[in-house]
Amino acid sequence: MAQEFWSGAAVVTGAGSGLGAAMVERFASVGMAIAALDIDADRAQETADMVIAGGGSAIAMGVDVADRAALDRAAQAADEAFGGCNVLCANVGVQNFGLVEKLSEGEWRWVLDVNVLGVVNTVTAFLPLMRQSGGERRILVTASSGALVPGARLGAYTASKYAVMGIGETLRIELADEGIGVSTLFPAGMSSRHIESSALARPGGLSGAVVTQEDIDVMMSSRNMDVATHVATPEHATRNLLEELAANRRFIITHGDYRDDMVERLDDLVAAFDRAQS
Ligand SMILES: NC(=O)c1ccc[n+]([C@@H]2O[C@H](COP(=O)([O-])OP(=O)(O)OC[C@H]3O[C@@H](n4cnc5c(N)ncnc54)[C@H](O)[C@@H]3O)[C@@H](O)[C@H]2O)c1
């Protein structure tokens, strides 16, 4: 994508690791200033330092996306540092495996607070700053391949990512007249710290674990996945990000081998319409 399309500042949540850090690298590579937000302040700082070492400008902030007041402070800091926000990536998502009937209320609330309300908080806190920014503006919300092809033991996570898709698609309609494009991203499996960072961010009061080996085995067989073709690096997953965002795509697919399963699911939906009409 032409370098001149991008200007101003990009704000990325979950920027301390994995996909968020890879997004930061992409935006910094086209000269954007970066605000790196993460619950892990040290890792956010490492990402910002990487940008600065490459000659760019960046700030880092330790922010829990479930905390609206912390995001308001982050928006104020981004305003003071860069005077605007042109790209906002609401990218944080945590994982907690478990059967729907076995997940505790606390686990449900944590996943929904971070993955769903975290996206709402992020967008709501930064929209005023985006509105005062000139140039091209984009919001990206990170859903998951799990929102297109569900798998066993992923009920809370899948429900949260369906919600992210709903938020992204609704925002896209609501903000179109203001010239703010909104895209929903569907990453498939990535070689990131997702399980580790989820375990670290998980509230101390919750019992059990984020995942067991049995959860992984059951989930993998339920999703008809081949790890060799389904899992990629975050760098690979962001290779088309700038082009897709610039083109203001409604949906962005990163990689993965689940297209046929997704089409089969869509066919079932279309068939349900056809039965209703017959
Ligand atoms: N890794 C995968 O296989 C995969 C697949 C599909 C979708 N995703 C989604 O991609 C996004 C990024 O995940 P990743 O794989 O890069 O994981 P990652 O663990 O490498 O990065 C996630 C970052 O989010 C931070 N974080 C966790 N809770 C937070 C909170 N409450 N507030 C602020 N920051 C918080 C973590 O500290 C971590 O740095 C998530 O939304 C995830 O659900 C991941």
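Structural remarks
- Options LYS102, LYS161; residue that is under 22 Å from ASN224 (Cα atoms) and either at pLDDT 95 or above or among the basic types (Lys, Arg) (or both): LYS161
- Failed condition for VAL164, given (1) assigned to a helix (DSSP H, G or I); (2) more than 10 Å from the ligand (Cβ to nearest atom); (3) out of contact with any His (no Cβ under 8 Å at 6 or more places or on another chain): (2)
- Within the range 183-222, being within 14 Å of the ligand (Cβ to nearest atom), surrounded by fewer than 20 Cβ atoms within 10 Å (Cβ to Cβ) and among the polar types (S, T, N, Q) holds for one residue alone: SER191.
- Restricting the search to helices (runs of 4 or more DSSP H) fully inside the range 195-278 and requiring at least 1 residues that are hydrophobic (A, V, I, L, M, F, W, C) and in contact with a Leu (Cβ under 8 Å, 6 or more places away or on another chain) gives 213-222, 234-237, 241-246, 259-277.
- The numbered conditions (1) under 20 Å from GLY84 (Cβ atoms); (2) within 14 Å of the ligand (Cβ to nearest atom); (3) touching a residue at least 60 places away in the same chain (Cβ under 8 Å) are all true for LEU148 except (1).
- Cβ separations smaller than 7 Å between residues 6+ apart or across chains give the following pairs from the range 9-21 residues that are within 18 Å of PHE82 (Cα to Cα) and hydroxyl-bearing (Ser, Thr, Tyr) to residues that are near the ligand (Cβ under 6 Å from one of its atoms) and in a helix (DSSP H, G or I): THR13/GLY20.
- Scanning the range 229-278 for residues that are closer than 30 Å to TRP6 by Cα and among the basic types (Lys, Arg) gives ARG239, ARG249, ARG250.
- Selection status of ARG153, within 25 Å of GLN213 (Cβ to Cβ), touching a Leu at 6+ places or on another chain (Cβ under 8 Å) and touching a residue at least 12 places away in the same chain (Cβ under 8 Å): yes
- All positions within the range 73-131 that are over 22 Å from LEU200 (Cβ atoms) and β-branched (Val, Ile, Thr): VAL87, VAL100, VAL120, VAL123, THR124
The values are calculated or read from the model by the stated rules, or taken from the named source; none is laboratory data. Quantities reported herein were computed from a predicted structural model and do not represent experimental measurements. Every residue, glycine among them, receives a Cβ derived from its backbone with ideal geometry; neighbour counts consider all protein chains shown.
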